[in-house]
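One structure is given below, encoded as structure tokens.
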Amino acid sequence: RQARSARTKSPLDLEAEVRPILRKLRTDIERIFRSSKRRTTHAERRHKSGERPTGDAMNDVAHASPEQFFHDTRRNTVVVLGGRGRAHVFNASGRHVTSLRLDPGELRRKTERQRWTPLDPSAASELRARLTAIPRA
């Protein structure tokens with residue numbers, strides 16, 4: 001734009017050109033640091049520990065059998081079990097809510113108390129298809 005302005009000998013308001021770029025940069029930087037401001041101390045510690053299996057969520061969904069899909073009756077979410085005690089929670093629209101590691105016997109306790117009930121195999125297949133079709137960044 002500056003070169004075009006020089007060629008056409010028209011004035012260029014450089015500040016007006018730069019302002020939207022700086023505004024976008026500010027928004028991007030704020031977004032990066034906002035999550036740490038909104039997290040509790042406990043959540044921030046868990047996030048930094050690297051022990052939470054969130055990165056395995058989509059891979060575990062893609063490889064989970066229908067028996068590994070559960071409905072959380074209290075929170076109305078879907079829980080997908082992965083390997084090594086991993087569990088991934090998704091809301092009704094398929095958004096990844098959280099991931100966690102189950103303590104030994106926790107799955108049994110949750111299913112016995114009917115907190116988690118098996119998801120219908122057709123619903124599990126439909127959810128898997130929806131989740132694996134979503135492009136991830």
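The values are calculated or read from the model by the stated rules, or taken from the named source; none is laboratory data. Quick caveat, the model's predicted, so the values are computed rather than measured. Every residue, glycine as well, gets a Cβ built from its backbone with ideal geometry; the counts of neighbours run over all protein chains shown. Quick note on the areas: whole protein, heavy atoms, side chains included, nothing else; ligands and nucleic acids left out. Shrake-Rupley method; radii C 1.70, N 1.55, O 1.52, S 1.80 Å.
Okay, here's what the table says:
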{"quantity": "Residue check for residue 93: modelled with pLDDT under 95 and either in a helix (DSSP H, G or I) or of a type in the set (Asp, Glu) (or both)", "calculated": "no"}
{"quantity": "Qualifying residue in the stretch 98-121 (condition: among the hydrophobic types (A, V, I, L, M, F, W, C), at negative phi and surrounded by fewer than 16 Cβ atoms within 10 Å (Cβ to Cβ))", "calculated": "no"}
{"quantity": "Residue check, residue 124 open to solvent by less than 50 Å² (accessible area, probe 1.4 Å) and touching a residue at least 12 places away in the same chain (Cβ under 8 Å)", "calculated": "yes"}
{"quantity": "Search result, residues across the stretch 58-69 that are outside any loop (DSSP other than H, G, I, E, B) and either of a type outside the set (Asp, Glu) or open to solvent by 30 Å² or more (accessible area, probe 1.4 Å) (or both)", "calculated": "58, 59, 61, 62, 63, 66, 67, 68, 69"}
{"quantity": "Residues of the stretch 70-97 that turn out to be within 24 Å of residue 129 (Cβ to Cβ) and either open to solvent by 40 Å² or more (accessible area, probe 1.4 Å) or in contact with a Phe, Trp or Tyr (Cβ under 8 Å, 6 or more places away or on another chain) (or both), as a count", "calculated": "17"}
{"quantity": "Subset tally (residues that are open to solvent by less than 100 Å² (accessible area, probe 1.4 Å), outside any helix (DSSP H, G or I), at pLDDT 70 or above and of a type outside the set (Asp, Glu)) for the stretch 4-57", "calculated": "2"}
